[in-house]
Each structure stands twice: as structure tokens, then as C-alpha cells.
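The structure under discussion appears below in the form of C-alpha cells.
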Ligand SMILES: [Cu+2]
């Protein structure tokens, strides 16, 4: 073998190995975004998760339920939700402040919009505007509820079809 070619071959081999190792190390970071287009619709709700639309908040302060308008959550369309908040013994929680968060935990992205509670409708009901889910699969929708001295949050697991 030509002596001058050996360093070139070694350099190329090392470079290749570094690129491969770098790619493997970065997969957990870039994977969700990189693979996102082919993930669409591939992951239904994990079987062990509670998918009910009425649940007790994390610290047990509020009984919370949601409904969507239209009733079946539409795919990729801006729509509204109504959140109902009451105490565990059934009294409506009036004039709370509610923050909305969410995303797809398996894809590593959040909601495509920034939904807001825009109106207190009375009787413990809150209008949530700007909801949109741009793909099918398992979504989390989290509400942080502040009422007077009381603060609690709840995460709903939603299967968008
Ligand atoms: Cu996604």
C-alpha cells in the first residue's frame, strides 16, 4: 500500500466513527423531531393510562371535567373546550384562574397553539379557546387551576383519532 494514503484512510475511518457515535448520542434529542412525520397516528393511548374526561386534580382539591365543541375532538381544527371545575363535594368553583398547557409526551412537542381560558361561563364552567391538535395519537392536556388560596393541576390523557 502507498505510504501516503494510509493517514488519509485512518482520518476517514476516524471521521466516520465520530459521525456515527455523534448521531447515536444525539438521537434522543433530535429523534422526536426528526422522526415526527412518520410517527403520525402510530401511537394510541398507552393502555395503562386513565383517559376519562372527568378526574380529581393531582392534590385532590378539584373535581375537573372537560368537554369539546364539537363533541368529538376534531383533528387539526381550532375549536373550544369547556372546563368544569367543582370541589370534591360538588360545589362549583367560581372565577378561578386557569392556565392551559399540553403536548405529545412521546413526540417531545407541545400544543401548536396557545389556548386560553377567555370567559367564566358560570356554574364552575370555563370557556377554553384556541384548542388544536395537529395529529392523531396520545396527547396530554394540563390545566393549572388557581382559586383563592388553592392551587392544583390536572393532566388529562386524550386520544385524538
Ligand atoms: Cu406529535
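Values quoted throughout were computed directly from the atomic coordinates according to the rules given, and no laboratory measurement underlies them. Note that this is a predicted model, so its numbers are computed, not measured.
Of 75, 26, 121, the residue with the greatest mean-square motion in the GNM of the chain, using alpha carbon springs below 10 Å, is 26. In the elastic network of the chain, a GNM with C-alpha springs shorter than 10 Å, the most mobile of 71, 87, 11 is 11. Cα axis of helix 5-34 to longest principal axis of the chain: angle in degrees, 0 to 90, nearest 10? Taking Cα atoms only, the helix is inclined about 10 degrees. Relative contact order, whole percent, for the stretch 39-120 stands at 18, derived from Cα pairs under 8 Å and 6 or more residues apart.
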